[in-house]
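The structure under discussion appears below in the form of structure tokens.
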Amino acid sequence: MGKRFGLIGHPVEHSMSPVMHNDAFRSCQIDATYEAFDVGAGDLEEVAEKLRSGELDGVNVTIPHKVAIMNFLDEIDRDAEVIGAVNTIVRKGEKLIGYNTDGAGYWESLVSYLPHDTSALNVLVIGAGGASRAICAAFLNAGVAHLVVANRTEEKAATLLNLINTKQQSTEACSLAEAKTKLDQFDVVINTTSVGMSPHTDQLPLSLDKLKKEAVVSDLIYNPMETAFLKEAKAKGAKTVNGVGMFVNQGALSFEHWTGVKPDRTRMTNIVTDKLGG
Ligand code: NAP
């Protein structure tokens with residue numbers, strides 16, 4: 001019988017993970033399927049039991065269970081521990097191990113737009129939620145010169161940095177208003193908030209008036225594929241990167257954890273892009 005993988009979260013009905021993973025299994029000739037399971041917080045223990053018993057062979061975890069699921073696992077990988085959340089569960093022998101592929105997946109999608117040496121970069125991350133934490137950890141890991149987190153609720157930006165800046169790197173928390181006034185200092189600007197996501201596609205998380213034209217601007221949102229934020233950045237001459245690459249890469253890295261096989265990321269990107277109507 002083929003292996004069974006899936007996504008647990010709520011809601012999950014619009015997820016593109018099943019179509020992307022099922023195609024990857026087929027094209028890699030792996031006998032396995034991937035389904036989306038809409039589960040509540042009270043069902044997490046049962047999911048862990050299904051993974052232990054072999055009824056399920058591995059899962060992705062999405063909102064709102066990425067933190068709570070950690071209580072049911074035997075080991076947490078270092079990246080996931082720093083990020084404080086798990087998006088991938090792998091069974092190894094008797095053990096359930098939690099990984100987080102969001103930060104590494106994001107980094108893979110961005111790195112070709114950055115200079116080879118990233119140590120001089122001044123980076124602005126807008127937003128201080130779960131995704132921001134993974135992205136900030138990736139930038140700190142890469143050793144950038146300075147990382148600023150700006151958030152509507154400024155205290156959350158400070159709390160996030162306190163939790164992940166374990167090596168005392170150069171970081172700063174600020175308000176959105178302050179970030180706006182010093183935007184010309186940043187080489188990389190990333191929107192990790194949900195502002196601009198369909199159906200509210202005309203909204204911007206931050207005005208880009210002072211953006212420098214050599215900047216790289218990225219948005220984690222992939223629906224729409226080009227947000228108002230990216231459109232404005234492009235109009236100012238910046239290089240822009242949408243959230244499709246992060247989505248594909250985090251999925252591809254989960255796939256590699258489960259199967260040991262590297263799936264074709266270009267093929268995965270085409271499937272996701274087609275599904276998004278691009
Ligand atoms: P989250 O934990 O709920 O965090 C949401 C963030 O957005 C917080 O910083 C919040 O600020 C801010 N925010 C929400 N509404 C706002 C508004 N009206 N004005 C200003 N700030 C606002 O969500 P998340 O899991 O980090 O996800 C954030 C985004 O990343 C979503 O759009 C998600 O789809 C995207 N994402 C993409 C990928 C990918 O693979 N491409 C992966 C993960 C997430 P406060 O703290 O002030 O509330």
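The values are calculated or read from the model by the stated rules, or taken from the named source; none is laboratory data. This structure is a prediction, so every number in the text was calculated from the model and none was measured. With ideal geometry, Cβ positions are generated from the backbone for all residues, glycine too; neighbour counts draw on all protein chains shown. When the accessible area is computed, the model is the full protein with side chains, heavy atoms only, and any ligands, DNA or RNA have been set aside. Shrake-Rupley method; radii C 1.70, N 1.55, O 1.52, S 1.80 Å.
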Practice task
For ASP74, state whether it is under 30 Å from ALA142 (Cα atoms), more than 14 Å from the ligand (Cβ to nearest atom), acidic (Asp, Glu) and touching a strand residue (DSSP E or B) at 6+ places or on another chain (Cβ under 8 Å).
Solution key: yes
Problem - Selection status of LEU124, open to solvent by less than 50 Å² (accessible area, probe 1.4 Å), in contact with a Leu (Cβ under 6 Å, 6 or more places away or on another chain) and not small (Gly, Ala, Ser) - result: no
Practice task
Kindly indicate whether ALA157 is assigned to a loop (DSSP other than H, G, I, E, B), out of contact with any helix residue (DSSP H, G or I) (no Cβ under 6 Å at 6 or more places or on another chain) and farther than 24 Å from ALA235 by Cβ.
Solution key: no
Practice task
Given the conditions (1) open to solvent by 70 Å² or more (accessible area, probe 1.4 Å); (2) near the ligand (Cβ under 10 Å from one of its atoms), report the number of the one that ASP184 does not fulfil.
Solution key: (2)
Problem - Options ALA80, ALA104; residue that is farther than 17 Å from GLY6 by Cβ, of a type in the set (A, V, I, L, M), at pLDDT 95 or above and surrounded by 22 or more Cβ atoms within 10 Å (Cβ to Cβ) - result: ALA80
Problem - Candidate set from segment 159-190 (those that are of a type in the set (A, V, I, L, M) and under 20 Å from the mean Cα position of the chain (by Cα)); member that is nearest to ILE126 (Cα to Cα) - result: ILE190
Problem - Residues of segment 205-233 satisfying the condition of being among the charged types (D, E, K, R) and either in contact (Cβ under 8 Å) with a residue 12 or more places away in the chain or in contact with a Lys or Arg (Cβ under 6 Å, 6 or more places away or on another chain) (or both) - result: ASP209, LYS210, LYS212, LYS213, GLU214, ASP219, GLU226, GLU232
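A quick yes/no check of all residues on (1) within 9 Å of the ligand (Cβ to nearest atom); (2) at pLDDT 95 or above; (3) more than 23 Å from ASP102 (Cβ to Cβ):
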{"position": "GLY129", "(1), (2), (3)": "yes, no, no"}
{"position": "ASN223", "(1), (2), (3)": "yes, no, no"}
{"position": "LYS236", "(1), (2), (3)": "no, yes, yes"}
{"position": "LYS239", "(1), (2), (3)": "no, yes, no"}
Problem - Answer residue from segment 26-55, given it is among the charged types (D, E, K, R) and open to solvent by less than 70 Å² (accessible area, probe 1.4 Å) and is nearest to GLY260 (Cα to Cα) among those - result: GLU35
Practice task
State whether one or more residues within segment 172-179 are at negative phi, within 13 Å of the ligand (Cβ to nearest atom) and without any contact (Cβ under 8 Å) to a residue 12 or more places away in the chain.
Solution key: yes
Problem - Number of the exception - ALA145 against (1) away from the ligand (no atom under 15 Å from the Cβ); (2) in contact (Cβ under 8 Å) with a residue 60 or more places away in the chain; (3) of a type in the set (A, V, I, L, M, F, W, C) - result: (2)
Completion exercise
Of (1) away from the ligand (no atom under 13 Å from the Cβ); (2) closer than 15 Å to MET197 by Cα; (3) at pLDDT below 95; (4) not charged (D, E, K, R), ALA228 fails just (3)
Exercise for the section: Note down all Cβ pairs under 8 Å where the first residue falls in segment 88-113 and is more than 24 Å from VAL241 (Cα to Cα) and within 12 Å of the ligand (Cβ to nearest atom), the second is part of a strand (DSSP E or B) and among the acidic types (Asp, Glu), and they're at least six residues apart or on different chains. Expected result: none
Handout entry: Among (1) farther than 26 Å from ASN242 by Cβ; (2) in contact with a strand residue (DSSP E or B) (Cβ under 8 Å, 6 or more places away or on another chain) - the single one VAL188 does not satisfy
Key = (1)
